[in-house]
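The values are calculated or read from the model by the stated rules, or taken from the named source; none is laboratory data. Computed from a prediction, not measured in an experiment: that's the story for all the values here. We place every Cβ from the backbone using ideal geometry, glycine too, and count neighbours over all the protein chains shown. Quick note on the areas: whole protein, heavy atoms, side chains included, nothing else; ligands and nucleic acids left out. Shrake-Rupley method; radii C 1.70, N 1.55, O 1.52, S 1.80 Å.
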Amino acid sequence: MAPVRMIGTAVHRILLAFPTALFPAALVTDIAYLRTAEMQWTNFSAWLIVGGLVFCGAVLAWSLIDLLLGLRVDRSRGRLIYPGLLAILFVLGLLNAFKHSQDAWSSVGAFGLILSILSALVVLVAAFIAYSGVLNREIAR
C-alpha cells in the first residue's frame with residue numbers, strides 16, 4: 001500500500017506545480033498590461049488563469065478523494081486546511097477568469113488585479129503546505 005500512496009503523492013505534487021506556476025504568471029502579465037496597455041497581455045492572463053483552473057480542479061478533486069479516503073484513519077481538522085485552500089483558489093480563479101473574459105480595457109482594473117494577487121497568494125500558501133509537509137503528521141513527529 002505504501003508504494004501506491006507514494007506514487008499518488010508524487011502525481012499530486014506534479015499536478016500542483018502547474019497552478020503554482022500559472023496563477024503567479026497571470027499576476028505578472030496583469031502587471032505588464034497595467035504598465036504597457038498592450039491588450040495582448042490580457043489574453044495571456046486569461047489563458048494562464050484558465051490553465052491554472054484546469055489543473056487546480058484536478059488537484060482539488062485529487063485532494064478531496066484523498067481526504068475522504070483518509071477520514072477513516074485521521075479525523076484531525078488540519079486535514080481540511082489544504083482542500084479548503086484549493087477550493088478557495090478555485091473560486092477565486094473562476095471569478096478571475098470571468099473578470100478577464102471581459103474586453104481588454106476593463107478586464108484588468110483594480111478588481112482584476114486584486115483577484116490575481118489573491119489567487120497567487122493562495123496558490124503559494126497551498127503549495128507551501130503541500131510541498132513542505134507542514135500538516136503531515138509523519139513529518140511533525
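When the residues of region 78-104 are filtered to those that are touching a residue at least 24 places away in the same chain (Cβ under 8 Å) and under 17 Å from Ala32 (Cα atoms), which remaining residue is surrounded by the most Cβ atoms within 10 Å (Cβ to Cβ)?
Our first condition is that a residue be touching a residue at least 24 places away in the same chain (Cβ under 8 Å); within region 78-104, this holds for 78-79, 81-82, 85-90, 92-94, 96-97, 100-101, 104.
Now restrict to residues that are under 17 Å from Ala32 (Cα atoms): 96, 100, 104.
Details: Asn96: 31, His100: 25, Ala104: 17.
Filtering region 78-104 for residues that are touching a residue at least 24 places away in the same chain (Cβ under 8 Å) and under 17 Å from Ala32 (Cα atoms), the one surrounded by the most Cβ atoms within 10 Å (Cβ to Cβ) comes out as Asn96.
For Ser132, are the conditions met, namely being at pLDDT below 85 and small (Gly, Ala, Ser)? Walk me through how you get there before you give the answer.
Details: at pLDDT below 85: yes; small (Gly, Ala, Ser): yes.
So Ser132 fits the description; yes.
Search region 105-119 for residues that are surrounded by fewer than 17 Cβ atoms within 10 Å (Cβ to Cβ) and pair each with any residue that is of a type in the set (Gly, Ala, Ser) when their beta-carbon atoms are under 9 Å apart and the residues are at least 6 apart or on different chains.
Close Cβ pairs satisfying both conditions: Trp105/Ala37; Ser106/Gly112.
Residues of region 22-53 being open to solvent by 50 Å² or more (accessible area, probe 1.4 Å) and either free of Cβ contacts under 8 Å to residues at least 24 places away in the same chain or under 14 Å from Gly109 (Cα atoms) (or both), which ones?
Initial filter on region 22-53 (open to solvent by 50 Å² or more (accessible area, probe 1.4 Å)): 28, 31, 34-41, 43-44, 47, 50.
Result: Val28, Ile31, Leu34, Arg35, Thr36, Ala37, Glu38, Met39, Gln40, Trp41, Phe44, Trp47.
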